[in-house]
Structure formats: C-alpha cells, structure tokens
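The next block holds one structure in the form of structure tokens; read it before the comments.
Coordinate-derived values only; no laboratory data. These figures come from a predicted structure and were not determined experimentally. Counting neighbours? That spans all protein chains shown, and the Cβs are built from the backbone with ideal geometry, glycine included.
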Amino acid sequence: MKPNLTVLAALVAFAATPALAQDCPEGQRLFEHAAGETCIPENPQRIASLHRLTATLTLMDLGAMDRIVASEGHPTEDAYFSDLVSSLLDIDLQDTDITFYGWEVDLERLAALEPDLIIARPWDTEIYDQLGQIAPMISLPIDVDFLDYMGIIADAGGVEAEYDAARAAYEARIETVRLRIPNAPEIEVAVIYADDSEIGLYNNFYALTQVLDDLGFSRRDVVDEAFLGFEGAYDHATSVPISAERIDIIDADILFAAYWYPWTDEKPGRNFIRDNLDAQVPGFCQFLEVCEARQIVYFDAAETYSGSFASLHAAIDLIEQHVANRDLVQVIE
C-alpha cells in the first residue's frame, strides 16, 4: 500500500515546525525515526524487539542482551535463529531471560512485560498506535546505509559507545583486507539463491553486500536493471526471481550462491543449491562462465544475513577465504 503523500507531507511539516517541537518528560529524549518523532528513555532497560535478525541480534552483538525483555522468534522451535546466535555470538537462547513471543506480535503478552521501548518493523504500521500505547515505539527505516541502520538501533538502545568501538574495529579490518584485494574494483560480483521453485538474484544481502561495497567490488549494471521499478525492499535484503531464460544475468567474475535452512532442521550444504540450480536450468554450469571458471562461492547464508558486526566479520572471513590472494579468471569483459 502506497503512503498518502498529502498526509505524509503534512506530518513532515508538522514535525519540522519549531513552534510545535515536542517536549519530553525528564529522563526521556526526542528520537527521530521512520514513523516520526517519539520521546524515548535516555537509557532504556526493557526493550521489546519485533525483529530478531535486525534488532534483537544487533543489540545482543553490542552487549545489550540484558536490556531485551521481548523478541520475535522462539528459543527452541526457531533452529535457524538459535543456531545463528550460537555460532556468531556463542550464546544459548535458552539461557537468556528474553521472552520470545513467536512470529505474530502478541500485544497483550507484550504489554504484560512492561517494556520501556519498542523497536518495530517497517511492516507493522497497522499496529503502530497500539504499540505506542504500550511503550514508546520507534520504527526502523529501510532506506539508510546498513551501518547507519545499526547505528540507529544502537542509539535508541543506549549502546552508542559500543557501536562506535565496533564500527571502528570493522573499518580498520576493511582497510587491512582491501590491501589484500587491490583489484576489487575490477571484479564484478553477484549474489543469488536457488530453491526448489526459483532462482533469486539479490541486489542487497545484509552484511555481505556491505562488505563487498566497502572493499570496492563492482556490481554488473544488469543486476541494477533487474530491480528497476521494484518496491519490495525490506530489511536490507532484496531479491527478484530470475527465469531460466535470463540466467545469463547472474554471470559474474565471482558469484556468491547462498543456501538456506530457515525452515528445516538440517543444514543443506552446497549440493542443495547446486541441485536446485540444475533443476531450474539443467546443465546450468555450461551457461555460466563463472561456473566453468570455478568461481562460484557456495556459502551458508545465515552468518552473513543479519544486522550485526559479527555478521560483517563473517562476511569478511568468507571473502578472505575465497577471493583474497586468488588468481581469478576474468569472466565479465
């Protein structure tokens, strides 16, 4: 549903009018977010996070786990998330005091936990008013840089110093790795997935895309063209299906092929995506020069698919392992 531009313009004008500036009670501060401006605690201690990958894990990564009282997800039935937290942060979700409410927001249960701050998702617009009655609510944006996105969460959650230190460490590592791949701007990359029904092309893949961009890798123009007019971007993870007839557009100097297991108990491994590619396009390798050059990087999507510095470092590890100090065949002229 597209926003009402007239109403949106009026809201922007209202928020920008100095005479109508909102005064916050003692102990709170005015916080600007995707849905407007809200008075939030200066130092929140009971945060409810409505998205586990891009808010809960972000806060946990920055050392604020003890501030989270509620989160989307499930500590035992959500093997994907529990395994991810364990591998990235060495934390067992069952050992935390976080209440995981499942997949649908349970307003009554949320209210009973008495949060002092709610971090909502962009698609929760229909319950924004109800959430705001429970506690101060902020909505996360979808149109900001990945690192700045995490900075917004850190700012709201009261862990800016931890964020600044983590960002500095990340940027220092990027500078070091960039020296090992001086020709990155000459290397064109693409990121895909393949399941039993389709091949998907990403123009944004959370931490992996951020690292590829920061290291200076290039993306093919045809990838951007595939997303012209697409309006479905959420959470810094956007993909479009690619037909078998257009498989040529996923050719690249390096092709990152992600395999998933979010709804199964077993990690499928690289053969999972190879088999699915072959099912969608029999003999796919003969149609992709990157495959013939053996420059497809098959990888477990989980660790590079979250809003955290731990995921950023996992993405750097992946690139160092498969790209740094490697003689590549130039596929894209």
task: For region 96-212, state the semi-axes of the equivalent ellipsoid (square roots of 5 times the eigenvalues of the alpha-carbon gyration tensor), sorted largest first and rounded to whole angstrom.
output: 35, 21, 12
message: Taking Cα Rg over 2.2 N^0.38 Å straight from the coordinates, which label in [x] 1.06; [y] 1.27; [z] 0.98 is the correct one?
response: [x]
message: 5 Å is the cut-off here: which amide hydrogens, built 1.01 Å from N in the peptide plane, fall below it relative to residue 28, excluding neighbours closer than 5 in sequence?
response: 42
message: Of all beta bridges DSSP finds with both residues in region 26-158, what is the antiparallel percent, to the nearest 5?
response: 40
- prompt: Between residue 46 and residue 172, what is the FRET efficiency for a Förster distance of 30 Å, r being their Cβ-Cβ separation, to the nearest 0.05?
  reply: 0.30
- prompt: So how much slack lies between residue 34 and residue 197, counting 0.36 nm per residue of separation and subtracting their Cα-Cα distance, in nm?
  reply: 55.2 nm
- line: Of 299-308, 190-199, 119-128, ordering from highest average Cβ density within 10 Å down gives 299-308, 190-199, 119-128
- line: In whole Å, largest first, the alpha carbons of region 55-131 cover along the principal axes 36, 23, 23
- prompt: Cα extents of region 26-158 along the three principal axes, largest first, in whole Å?
  reply: 36, 33, 28
- request: Note down the nm distance, to one decimal, between modelled labels 7 Å out along Cα→Cβ at residue 246 and at residue 143.
  value: 2.4
- prompt: Using +1 on the beta carbon of Lys and Arg, -1 on that of Asp and Glu, and nothing else charged, what's the dipole of the chain about the Cα centre, debye to 20?
  reply: 300
- prompt: Where a ≥ b ≥ c are the square roots of the eigenvalues of the C-alpha gyration tensor, would you call region 181-322 rounded, which needs a/c under 1.5, or, failing that, prolate if a/b is larger than b/c, or oblate?
  reply: rounded
- line: Sorting 179, 256, 107 by the position of each Cα along the dipole of the chain (Lys, Arg +1; Asp, Glu -1; all at Cβ), the one nearest the positive end of that ordering is 179
DSSP bridge orientation in region 181-322 - percent antiparallel, rounded to nearest 5: 50
- prompt: With labels modelled as points extended 7 Å from the Cα through the Cβ direction, what inter-label distance (nm, one decimal) is found for residue 279 paired with residue 112?
  reply: 4.1
message: Once each part is reduced to its C-alpha centroid, what is the distance from region 275-326 to region 62-113 in angstrom?
response: 29
